[in-house]
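Shown next, in structure tokens, is the structure this report addresses.
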Amino acid sequence: MAEVFKGIPGAGFVWIEEGSLHTGDLEEFMKFRALRVKGRASMKTLDDFIASGKNAALTASGTMRICREMGIRLAVSCGIGGVSSIWDREVSDDLPGLAELNVPLIATSPKDMMDIQETINWLHDNNVKTYGVGVDKCTGYVFNSADVRLDGMFGGEIDREGSNQLILNPIPGSERIQDLSILKKAVETGKEAASRGEHFHPAANAALDKATDGLASRLQLRSAAANARLASRLISH
């Protein structure tokens, strides 16, 4: 699967291993993920994971914070958090990260499990510009789960007048998982796991993969590669 990232200048992953920041290619990152790491370091929890010597992958806001501190002018993610449709309108750290860190983010979409309309509303209310690559709406992540107006279509260059911007590079709608009942069942599986004191997202994602014979993960991997390619083109200009 690593071949999808070949030929992308500078494409790489960042994670926290035993309290230290590590960078590497997809193969190295997959070895790290094989450890079944459950930690997710956001911009607010990053220091705690480092200080405690723990392992963690980075959320979008954690990635943006690292980019800001290292002077990298563009962050890349895939599915991002938002306003939760499950946990009493809880706001993911990814949203204040976009509003506060002044690092543009290329992503695919807020995750389908989020309230995407309220997520985009929150961003607009907090002066974050939202653009779509070839589209002016956000229609979902790996499902066709929304129909939300963005600020406009991405013009091909990072906005130099302000860095609070989200650039969405969507998976084509025809390639996504078409049966929304799969999403509903995965959410229920995640909620059942959470009620047992386990983590919601790993359980929900595992349910998605099982129901789609791995298609959900393949879509996300290809989308991450597409986002990295777009970032590489933008940075090289």
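The values are calculated or read from the model by the stated rules, or taken from the named source; none is laboratory data. On a predicted model such as this, the values are computed, not experimentally measured, just so you know. Note that each Cβ is placed from the backbone with ideal geometry, even for glycine, and that neighbours are counted across all protein chains shown. Side chains included, ligands, DNA and RNA excluded: accessible areas come from the protein's heavy atoms. Shrake-Rupley method; radii C 1.70, N 1.55, O 1.52, S 1.80 Å.
In whole Å and largest first, what semi-axes does the C-alpha gyration tensor of region 148-208 yield when each eigenvalue is scaled by 5 and square-rooted? Working shown, then result.
On the way: eigenvalues 224, 58, 16 Å².
Result for region 148-208: semi-axes of 33, 17, 9 Å.
What is the percent carbon and sulfur in the accessible area of the chain, measuring with a 1.4 Å probe over the protein chains and ignoring ligands?
Working: 5800 of 12040 Å².
Solvent-exposed carbon and sulfur of the chain make up 48 percent of the total.
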Seminar exercise, completed: With +1 at each Lys and Arg Cβ and -1 at each Asp and Glu Cβ, the charge dipole magnitude of the chain around its Cα centre, to the nearest 20 debye, comes out at 400
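Residues of region 170-237: accessible area per residue at 1.4 Å, in Å²?
On the way: 3780 Å² over 68 residues.
Per-residue value: 56 Å².
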Problem set entry | Cβ-derived FRET efficiency at R0 45 Å, LYS185 paired with MET70, nearest 0.05 | 0.65
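Helix-only estimate, please: 222 nm mean residue ellipticity of the chain, summing -39500 (n - 2.57) across DSSP H runs of length 4 or more and dividing by its residues, to the nearest 500.
Working: 8 runs with 93 residues, N = 237.
Helix contribution divided over all residues of the chain: -12000 deg cm²/dmol.
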Exercise. Using only the Cα atoms of region 123-225, what do you get for the radius of gyration and for Dmax, in Å?
Worked result: 16.1, 47
For this session: Provide the descending list of Cα extents for the chain along its principal axes, expressed in whole angstroms.
Result: 47, 41, 36
Seminar exercise, completed: Straight-line reach check, LYS191, cutoff 21 Å on alpha carbons, 8 or more apart in-chain or any other chain, hits among lysines -> LYS38, LYS111, LYS210
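Taking 0.36 nm per intervening residue step and subtracting the Cα-Cα distance, what contour gain separates ARG196 from LEU215 on full extension? Please report the intermediate quantities before stating the final value.
On the way: separation 19, 0.36 × 19 = 6.84 nm, distance 2.70 nm.
The span from ARG196 to LEU215 would gain 4.1 nm if fully extended.
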Problem set entry | Peptides ranked, highest mean first, by Cβ atoms within 10 Å: ranges 70-78, 28-36 | 70-78, 28-36
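So how do 56-65, 96-105 stack up, highest first, on mean other-Cβ count within 10 Å?
Working: 56-65: 25.3, 96-105: 21.3.
Highest to lowest by the protection proxy: 56-65, 96-105.
Run through the DSSP bridge list for the chain and note the antiparallel percent, rounded to the nearest 5. Present the calculation step by step, with values, prior to reporting the outcome.
Values: 11 of 27 bridges.
Restricted to the chain, the bridges split so that about 40 percent are antiparallel.
What number, in nm² with one decimal, is the all-direction average of the projected area of the convex hull of the alpha-carbon atoms of region 14-150? Could you put the intermediate results ahead of the total?
Details: hull surface 34.7 nm².
Convex hull of Cα atoms, orientation-averaged projection: 8.7 nm².
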For this session: Please report the relative contact order for the chain, taking Cα pairs under 8 Å with a sequence separation of at least 6, and give it as a percent rounded to a whole number.
Result: 17
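Once you sort the root eigenvalues of the Cα gyration tensor of region 116-169 as a ≥ b ≥ c, which label holds: rounded (a/c under 1.5), prolate (a/b larger than b/c) or oblate (the other case)? Show your work: numbers first, answer last.
Values: a/c = 2.48, a/b = 1.34, b/c = 1.85.
Oblate shape, in that a/c is at least 1.5 and b/c is the bigger or equal ratio.
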Exercise. Debye sum, Cα scatterers, region 23-79, no solvent: what log₁₀ I/I(0) at q = 0.23, 0.26, 0.28 1/Å?
Worked result: -1.04, -1.21, -1.27
